[in-house]
Amino acid sequence: MPDSLNDSQNIIGYIEGSEFPDEYIFISAHSDHEGIINGEIYNGADDNGSGTAAVLEIAEAFSLATKNGYRPKRSIVFLHVTAEEVGLHGSRYYSNHPVFSMKNTLANLNIDMVGRVDKRHADNENYIYVIGSDRISTELDFITQKANATFTNLELDYKYNAENDNNRYYYRSDHYNFALKGVPVIFFFNGEHEDYTKPTDTADKINYPLLAKRTKLIFATAWYLANSPTPLKKQLI
Ligand SMILES: [Zn+2]
């Protein structure tokens, strides 16, 4: 428990890999939101209840696979980071005080808002923004495309991956602190909507089938990363 309102914790769990236990695939989401402001509760259902729920579902899927004889070859680390909304503090702390070797951390799949649909996709909700996947490792982008083509067939929207994008989302969630340490990252994101960072970001507005589908894509990507014969190459080709 926190000692004071100024204290907070990251939460970490992992499943040890069977063949390469010292190589790590991270799946992360921030667990904080805005709190209570002027007496109003900022529910944060999409930001980031959706991401934290996705991390737990993926953890359960890997756990079930392990129990059924399909332990991943590499270790999978599940990380809920705190204090994202006030400046990515939890992930910065983790990246400067890593529990597992950063050198052997092959990828960070970061999930921040995956339960809603933005205005650009009002006519086709079958999408997810993919940000950062080709900036450190070309292979990482290839793997998520392969996972998507095989299992989910979402539109992978790279609009916000553009280097000159004014929104600068690549720098605005927790994966960025991993990228700064040279870890290949993907930021999975549904884009902003009318309830973004408002008290009205409530659970009844989440598109649950879509949240499940996007979570499957992230699970499949992690599965490939964990089980490929060779580790992900941290390089561009
Ligand atoms: Zn967020």
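Couple of notes before you dig in:
- A dipole drawn for the stretch 11-227 from +1 and -1 charges on Cβ atoms has a positive end, and of F20, H97, F151 the residue lying farthest that way is F20.
- Within the straight-line cut-off of under 23 Å between alpha carbons, the lysines reachable from K73 are K103, K146, K216, K233, K234, sequence neighbours fewer than 8 places apart in one chain being disregarded.
- For the stretch 1-87, chymotrypsin sites (Phe, Trp or Tyr not before Pro) meeting the loop criterion (DSSP other than H, G, I, E, B) and having at most 16 other Cβ atoms within 10 Å: Y70.
- A convex hull fitted to the Cα coordinates of the stretch 11-227 yields 119 cubic angstrom per residue.
- In a DSSP loop and with at most 15 other Cβ atoms within 10 Å, the chymotrypsin sites (Phe, Trp or Tyr not before Pro) in the stretch 130-237 are Y158, Y196.
- Ranking R116, R168, R71 by solvent-accessible area of protein heavy atoms (1.4 Å probe, all protein chains present), from largest to smallest, gives R168, R71, R116.
- Around the Cα centre of the stretch 11-227, unit charges on the Cβ atoms of Lys, Arg, Asp and Glu (plus for the first two, minus for the last two) sum to a dipole of about 660 debye.
- FRET efficiency for the M102 to D165 pair, using the beta carbon distance and R₀ = 22 Å, is estimated at 0.25.
- Among A122, A203, A147, the largest mean-square fluctuation in a Gaussian network model of the chain, built with springs joining Cα atoms closer than 10 Å, belongs to A122.
- Secondary-structure-derived ellipticity at 222 nm for the chain, considering helices only, amounts to -8000 deg cm²/dmol, per-run term -39500 (n - 2.57) for DSSP H runs with n ≥ 4.
- Length gained on full extension, L56 to A149, computed as 0.36 nm times the residue gap minus the Cα-Cα distance: 31.1 nm.
- Centroid-to-centroid separation of the stretch 117-146 and the stretch 177-221 [C-alpha atoms, Å]: 11
- Taking all protein chains together and rolling a 1.4 Å probe, I111 ends up with roughly 0 Å² accessible.
- Solvent exposure, largest accessible area first (probe 1.4 Å, DNA, RNA and ligands not counted), of L156, L217: L156, L217
- Net charge dipole size for the stretch 1-63 [Lys, Arg +1 and Asp, Glu -1 on Cβ; Debye, nearest 20]: 120
The values are calculated or read from the model by the stated rules, or taken from the named source; none is laboratory data. This one's a predicted model, so the numbers in the text were calculated from it and none came from an experiment. Cβ sites come from the backbone with ideal geometry, for glycine too, and all protein chains shown count toward neighbours. For the accessible areas, the whole protein counts, side chains as well, though only heavy atoms, and no ligand, DNA or RNA atoms are used. Shrake-Rupley method; radii C 1.70, N 1.55, O 1.52, S 1.80 Å.
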